[in-house]
1. Of the residues that sit in segment 443-482 and are assigned to a helix (DSSP H, G or I) and open to solvent by less than 10 Å² (accessible area, probe 1.4 Å), which one is nearest to Val203 (Cα to Cα)?
2. What about Gln118, is it within 25 Å of Ser202 (Cα to Cα), of a type outside the set (A, V, I, L, M) and either touching a helix residue (DSSP H, G or I) at 6+ places or on another chain (Cβ under 8 Å) or modelled with pLDDT of 95 or more (or both)?
3. Taking Ser434 as meeting all but one of (1) in contact (Cβ under 8 Å) with a residue 12 or more places away in the chain; (2) closer than 18 Å to Leu171 by Cβ; (3) in a loop (DSSP other than H, G, I, E, B); (4) open to solvent by 10 Å² or more (accessible area, probe 1.4 Å), write down the number of the exception.
4. Only helices (runs of 4 or more DSSP H) wholly contained in segment 290-346 count here; list those with 1 or more residues that are modelled with pLDDT of 95 or more, more than 23 Å from Ala277 (Cβ to Cβ) and of a type in the set (Asp, Glu).
5. I'd like to know if segment 248-256 contains one or more residues that are under 19 Å from the mean Cα position of the chain (by Cα), at pLDDT 95 or above, closer than 25 Å to Leu148 by Cα and part of a strand (DSSP E or B).
6. Would you check if Val67 is at pLDDT 90 or above and surrounded by 14 or more Cβ atoms within 10 Å (Cβ to Cβ)?
7. Taking segment 406-428 on its own, how many of its residues are under 19 Å from Glu452 (Cα atoms), in contact with an Asp or Glu (Cβ under 8 Å, 6 or more places away or on another chain) and not small (Gly, Ala, Ser)?
8. Mind listing just one residue for me: the one in segment 1-49 that is over 29 Å from the mean Cα position of the chain (by Cα) and open to solvent by less than 80 Å² (accessible area, probe 1.4 Å) and, of those, modelled with the lowest pLDDT?
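The values are calculated or read from the model by the stated rules, or taken from the named source; none is laboratory data. None of the values given here were measured: they were computed from a predicted structure. With ideal geometry, Cβ positions are generated from the backbone for all residues, glycine too; neighbour counts draw on all protein chains shown. These accessible areas exclude ligands, DNA and RNA; they are computed on the full protein's heavy atoms, side chains included. Shrake-Rupley method; radii C 1.70, N 1.55, O 1.52, S 1.80 Å.
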Amino acid sequence: IDFLLWVKVKGLEYVIIHQRWIFVCLFLLPLSVIFDIYYYLRAWVIFKMCSAPKQHDQRVKSIQRQVREWKEEGSKTYMCTGRPGWLTVSLRVGKYKKTHKNIMINLMDILEVDTKRQVVRVEPLANMGQVTSLLNSIGWTLPVLPELDDLTVGGLVMGTGIESSSHIYGLFQHICVAYELVLADGSLVRCTAEENSELFYSVPWSCGTLGFLVAAEIRIIPARRYVRLHYEPVNGLEKICQRFSSESANKKNQFVEGLVYSRDQAVIMTGVMTEEAESDKINSIGHYYKPWFYKHVESYLRANRSGVEYIPLRHYYHRHTRSIFWELQDIIPFGNHPAFRYLFGWMVPPKISLLKLTQGETIRKLYEQHHVVQDMLVPMKHLEQSISAFHNDINVYPLWLCPFVLPSQPGMVHPKGNEDELYVDIGAYGEPSSKQFEAQASMRQLEKFVREVHGFQMLYADVYMNREEFWEMFDGSLYQKLREQLNCKEAFPEVYDKICKSARH
């Protein structure tokens, strides 16, 4: 009775959004542990037995066979991967999975590590946790290793990926040297910057609408044991932007990241890989009992002091994984409490895929109206203006700042001019504090601003643009040319129709 009265007083919407921790703690955390153990053991066994390369060719032939069967049946509907929508990290649940021809793609292994060529060859469903675990164990790493363990190679190639080393290496697509795809006619094609180059530059951001990715070759670099990380609190929006811009332009910094806690308060972090460390400054932040990283960073801001720590490399790469950046505070409000961390922190975080699977349409719509998950990529020269726009339109903090160099290359995303340009990813994740926030209107306003400064919106998030606005933001010239040449129009939807809310999907 007390519970029902409490629900009546608070309102059902409030309870669904703010008290979801009950279901998450009792059911989703244990299930997430089981999922992690299964996939870890499977990847380890397959790689140790060297069975993945042998099975890969057969699996690719199976995909080719499915595509040819679709063609023989009359190409009645579009094709898409058979992977359930709830398994993706994107919060969007595409309805097209129910209406399109599902092509089953069971490709989730690391195929080969070639240290002479400094390349790792992987299948599209291999994830970042799997890749870092293997590469770090043999002394190598990816130049750009996006944060969350569950992000897959396929998602990062067909969508995009970024990390605090991107100011040197660019986005995830820019460390890829080759793609292998099954096209709409069932043929298998390999593309690089020299071979089938137009397809190579068109694949990133295409969201699976040019063909099915079956393998990718990605650059690797030598790893070191630690990251020497320097924390620097900065006050004042102008000073924040100036300091962040100058640190991002400094190539001596192997890692650059900023966390903005209010419009005028931020902590800027710079790091370099190192083999040695001062023993009293080692901080293994990845341990389950440690404070969430963004809260740890905030302690430097509150104390108004700078500092240096040595963080084990893999711990650094996945520093935001346990708290899903800061999303987990809205799901488990007491998740950073020492008692919870020590008793249950080893089960954190819940799998994003399981959160999606169990949220239902009602909760999803409520989250859409009361929650923001967005990454906008804007030129560094517009950073101050961009933070102000985020503050006025949605007012979500912390904001994640991650710099990256955007090469002047063909494809959907490139600088306005003919030279490489420094950009910054502004990530907003959480409950908006802006009193006038309304999901569609506010996000359309922010999208408009990003278009005006020649920025780009990451396509994993909710996109409210109409078709004309979408192709104003992205360069579709080469993409549309390849769609025509490869007979994709009858095989795959256009990327806009696949990801935008105003399209039917």
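1. As a first pass, look at segment 443-482 and keep what is assigned to a helix (DSSP H, G or I): 443-452, 467-473, 477-482.
Filter once more, keeping what is open to solvent by less than 10 Å² (accessible area, probe 1.4 Å): 443, 446-447, 450, 470, 473, 479, 482.
Details: Met443: 27, Leu446: 26, Glu447: 23, Val450: 23, Phe470: 17, Met473: 17, Tyr479: 8, Leu482: 10 Å.
Checked segment 443-482; the qualifying residue nearest to Val203 (Cα to Cα) is Tyr479.
2. Considered against the rule, which asks whether it is within 25 Å of Ser202 (Cα to Cα), of a type outside the set (A, V, I, L, M) and either touching a helix residue (DSSP H, G or I) at 6+ places or on another chain (Cβ under 8 Å) or modelled with pLDDT of 95 or more (or both), Gln118 comes out as yes.
3. Of everything listed in (1) in contact (Cβ under 8 Å) with a residue 12 or more places away in the chain; (2) closer than 18 Å to Leu171 by Cβ; (3) in a loop (DSSP other than H, G, I, E, B); (4) open to solvent by 10 Å² or more (accessible area, probe 1.4 Å), Ser434 misses just condition (2).
4. Of the helices (runs of 4 or more DSSP H) lying wholly inside segment 290-346, those with at least 1 residues that are modelled with pLDDT of 95 or more, more than 23 Å from Ala277 (Cβ to Cβ) and of a type in the set (Asp, Glu) span 293-303.
5. yes
6. On the way: at pLDDT 90 or above: yes; surrounded by 14 or more Cβ atoms within 10 Å (Cβ to Cβ): yes.
So Val67 fits the description; yes.
7. Matching residues across segment 406-428 total 7.
8. Val7
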